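The values are calculated or read from the model by the stated rules, or taken from the named source; none is laboratory data. Source: prediction; values computed, not measured. We place every Cβ from the backbone using ideal geometry, glycine too, and count neighbours over all the protein chains shown. Ligands, DNA and RNA are stripped out before the accessible areas are found, and what is left, the full protein with its side chains, is counted by its heavy atoms. Shrake-Rupley method; radii C 1.70, N 1.55, O 1.52, S 1.80 Å.
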Amino acid sequence: MSLLRVAIIGGAGGMGRWLSRHFTSMGCKVAISDIKVDEAKLVAEEYGVSFCESNIDAVADADLTVISVPMDKVPKVIDEIKLSLKKGSILMEISSLKLLVMEKLKEVERFNVQALSIHPLFGPRVEELTTKKLVLIPVSDSKCEEELARKLFPEAKILVLEHEEHDKFMALILSLTYFINVIFAHVVSKRNLERLREASGTTFTLQMLICEGIFSSDPHLIKNLILENFFGHEVIGEFIKASERFYDWIEKRDSDTILDFCQKVKECLMKDEEFSRAYDNMYRALRAIGG
């Protein structure tokens with residue numbers, strides 16, 4: 001597409017680096033800024049992009065500005081740069097939660113700037129986007145914004161979700177999943193992990209893979225995914241209440257209730273078309289990681 005200059009705020013982070021590679025490969029001239037100045041300078045040198053001392057300098061002549069900072073910092077960054085964005089340019093943010101930023105994006109559009117809100121459902125180690133998904137969250141014109149997203153990420157699969165529906169999904173997909181793994185990690189990390197691995201089978205091995213993969217992320221991201229999603233509080237509370245009930249059945253050694261509960265859960269899961277392949281896929285995943 002006809003973008004010439006791209007500014008990436010948060011360019012020293014994992015996704016900031018990925019975005020630098022992505023837009024450079026599209027023939028764009030990329031400039032980055034970051035509060036981690038020394039890291040950003042090294043990234044700029046490594047990736048062959050420009051380093052800017054401030055966010056204002058980075059966005060001044062950009063056709064596309066991308067905000068790639070921790071989600072709780074996005075509104076503040078938008079306020080900082082909104083008056084410096086070039087008229088007719090695009091402002092895109094990629095945070096994992098959208099209730100925090102939607103009003104700010106709508107405000108930006110009053111300055112003759114097109115707002116674009118996406119959520120990449122992949123991490124910064126992805127090398128190519130074929131089969132990878134990203135979510136488009138409409139700000140004002142769903143059709144126009146989807147068309148723009150497809151031009152910026154032509155190989156990705158794009159799913160369109162309204163911001164509230166998106167955050168409700170992420171409450172289960174991210175907030176609850178991260179919460180469960182944080183508590184699991186807390187309990188397990190107090191044990192001898194080497195001996196546990198020696199004795200472990202398929203389930204524990206895969207669970208540890210997920211757990212340690214999550215903790216390879218910045219703890220700030222983990223905290224935000226659990227804390228900042230309003231809908232996440234509800235589903236985490238639901239999980240805790242169910243856990244307390246289950247623990248009560250364990251203490252009472254209520255075998256019949258536990259068996260009935262597990263059977264009902266299984267019946268619900270069997271409605272998922274992937275259920276019949278789950279057991280084989282679990283072992284296939286284990287073989288793929290050399291387990």
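The label-point distance for residue 284 and residue 126, in a model that sets each label 7 Å from Cα toward Cβ, rounds to 2.0 nm. Taking only the C-alpha atoms of segment 73-229, Rg followed by Dmax gives 18.8, 61 Å. Across segment 34-121, Cα-Cα pairs more than 14 Å apart make up 64 percent of the total. Full extension of the chain between residue 76 and residue 252 yields a length gain of 58.2 nm, computed as 0.36 nm times the residue separation minus the alpha carbon distance.
Legend: residues 22, 233, sorted from most to least accessible area (1.4 Å probe; ligands, DNA and RNA excluded), read 233, 22.
Ranked from largest to smallest solvent-accessible area, with a 1.4 Å probe on the protein heavy atoms, 21, 110, 253 come out as 253, 110, 21. Note on segment 1-157: semi-axes of the ellipsoid equivalent to its C-alpha gyration tensor, largest first and rounded to whole Å, are 21, 19, 15. Compared with the direct C-alpha span, the chain from residue 47 to residue 26 gains 6.2 nm at full extension, assuming 0.36 nm per residue.
Name all residues of segment 265-291 having a backbone nitrogen under 20 Å from the label point set 7 Å from the Cα of residue 235 along its Cα→Cβ direction, giving them as ranges. In segment 265-291, the label zone of residue 235 (backbone N under 20 Å from the point 7 Å along Cα→Cβ) covers 265-275. Considering only beta bridges that DSSP places wholly inside the chain, some 10 percent are antiparallel. Rolled with a 1.4 Å probe across the full set of protein chains, the surface gives residue 141 an accessible area near 80 Å². Stokes-Einstein diffusion for segment 207-291 at 4 °C, viscosity 1.567 mPa s, with a Kirkwood radius from C-alpha pairs, works out to 80 µm²/s. The H on the amide N of residue 115, modeled in the peptide plane, is under 5 Å from the matching H of 91, each at least 5 residues off or on a different chain. The string of couplings for segment 198-210 from the Karplus curve (6.51, -1.76, 1.60, θ = phi - 60°) is 4, 9, 7, x, 4, 4, 5, 4, 5, 5, 5, 4, 5 Hz, one whole number per residue in order, with x for Gly and Pro.
Here, P(r) means the percent of Cα pairs in each 5 Å bin from 0 to the largest distance; for segment 167-226 it is 4, 17, 27, 24, 14, 9, 4, 1. The mean sequence separation of alpha-carbon pairs under 8 Å and at least six residues apart, normalised by the residue count of the chain, gives a relative contact order of 12 percent. Each residue was assigned an accessible area with a 1.4 Å probe, and for residue 268 the value is about 90 Å². For 15, 208, 270, the ranking by accessible surface with the largest value first comes to 270, 15, 208, using a 1.4 Å probe. Return the whole-Å distance between the Cα centroid of segment 140-189 and the Cα centroid of segment 83-97. Spelled out, the Cα-based centre of one part sits 19 Å from the other. Let me check I've understood the local charge: for residue 101, count other residues with C-beta under 12 angstrom from its C-beta, Lys and Arg +1, Asp and Glu -1. What total comes out? Surrounding charge for residue 101 is -2. Rounded to the nearest 500, the 222 nm mean residue ellipticity of the chain from helices alone is -15500 deg cm²/dmol, with -39,500 (n - 2.57) taken per DSSP H run of at least 4 residues.
Listed cross-link partners 41/133; 104/223; 41/73 are compared with a 26 Å cut-off, the Cα-Cα value being larger for 41/133. Would you mind estimating how fast the chain diffuses translationally, via Stokes-Einstein at 4 °C and 1.567 mPa s with the Kirkwood radius over Cα pairs, in µm²/s? The estimated diffusion coefficient comes to 61 µm²/s. Note on residue 210 and residue 277: their simple-model spin labels are 1.8 nm apart, each label 7 Å out from Cα toward Cβ. Close amide H pairs (under 5 Å, H built 1.01 Å from N) link residue 51 with 32, residues at least 5 positions away or on another chain.
Straight Cα distances below 23 angstrom link residue 132 to the lysines 98, 143, 151, 157, 168, with same-chain residues fewer than 8 positions distant left out.
Between segment 221-266 and segment 14-49, what's the alpha-carbon centroid distance in Å? Using only Cα atoms to place each centre, the spacing works out to 42 Å. Normalising by the residue count of segment 1-80, find the relative contact order in percent from Cα pairs under 8 Å and 6+ residues apart. Once divided by the residue count of segment 1-80, the mean separation gives 37 percent. Counting protein heavy atoms only, the chain has 55 percent of its accessible area on carbon and sulfur, 1.4 angstrom probe.
Using every pair of separate Cα atoms, the Kirkwood estimate puts the hydrodynamic radius of segment 142-291 at 18.7 angstrom.
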